[in-house]
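Participant: The structure's right below; bear with me while I get my questions together.
Each value in this text was obtained by applying a stated rule to the coordinates, not by laboratory testing. What you see is a predicted model; the values in this text were computed from it and never measured. No Cβ is skipped: glycine too gets one built from the backbone with ideal geometry, and neighbour counts run over all protein chains shown.
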Amino acid sequence: MAESKPKIASVWLEACAGCHMSFLDMDERLVELFKKVELTSSPISDIKEIPEVTVGIIEGGLGNEEELHIAKDLRSKCKLLVAWGDCAVFGGINGMRNFMKPEDLLREAYTDGVTTVNPSGVLPGIDAPGEVPALLPEAIPVDRAVKVDVYVPGCPPDADTIAYVFDEILAGRVPKVPSEMMRYD
Ligand code: SF4
């Protein structure tokens, strides 16, 4: 009987999506990778339900209750959780909002911003509770909410680093990214 491939699920939370774009930069190495693993769900698939997987990958930090739920859900369904990119590892650009109160952030986003168009003046999250996911008091890295097994710093981690991480995992090791592989482009 053919051996089943390790399953991988990836999610992107509060972030710029650059880490997933870097994954695509692996180019033809992706073809080889997908011979060895099965990507069950990702931001570019239509599958919203996260299945049980071997490896879970999180890009982005946690800024609201919905993201917190996704992180906990993925953690409960994977054996190895990878925090992928600086936003997930230590907060990255998401942490910049920690200098503002959540209410001020919502006002800037929905009513007061220079480019904001909001004729109703209704402020989601304050005037209309539940219309947007409730913000956490501050944006936090993934390991403030759930246990992380593998940290992949970088903004974004480059394709070589991502390939290294997969090679290590497929060899049965828990990768530790060497400092010379941490990239900031
Ligand atoms: Fe974007 Fe950098 Fe955050 Fe990745 S770590 S999501 S590239 S800002």
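Participant: Starting from 0.36 nm per residue, how many nanometres of slack lie between Arg173 and Ile126 once their C-alpha separation is accounted for?
Facilitator: Residue separation times 0.36 nm, minus the Cα-Cα distance, leaves 12.3 nm.
Participant: With an 8 Å cut-off on Cα pairs and a minimum separation of 6 or more residues, tell me the relative contact order of the chain in percent.
Facilitator: Averaging sequence separation for qualifying contacts and normalising by length gives 24 percent for the chain.
Participant: Okay, next question. Rounded, prolate or oblate, given the Cα gyration tensor of the range 61-147, with a/c below 1.5 counting as rounded?
Facilitator: Verdict is prolate for the range 61-147.
Participant: Another question about this same structure. Tell me, Trp12, Trp84 in order of fewest to most beta-carbon neighbours within 10 Å?
Facilitator: If I rank by nearby Cβ atoms, fewest first, I get Trp12, Trp84.
Participant: Continuing with the same structure: Answer rounded, prolate or oblate for the chain, using the Cα gyration tensor with square roots of eigenvalues a ≥ b ≥ c: rounded when a/c is under 1.5, else prolate when a/b is larger than b/c, else oblate.
Facilitator: prolate
Participant: Right, next: Run down the lysines and flag those whose C-alpha is under 27 Å from the C-alpha of Lys72, throwing out any fewer than 8 positions away in its chain.
Facilitator: Reachable lysines: Lys5, Lys7, Lys36, Lys48, Lys101, Lys147, Lys176.
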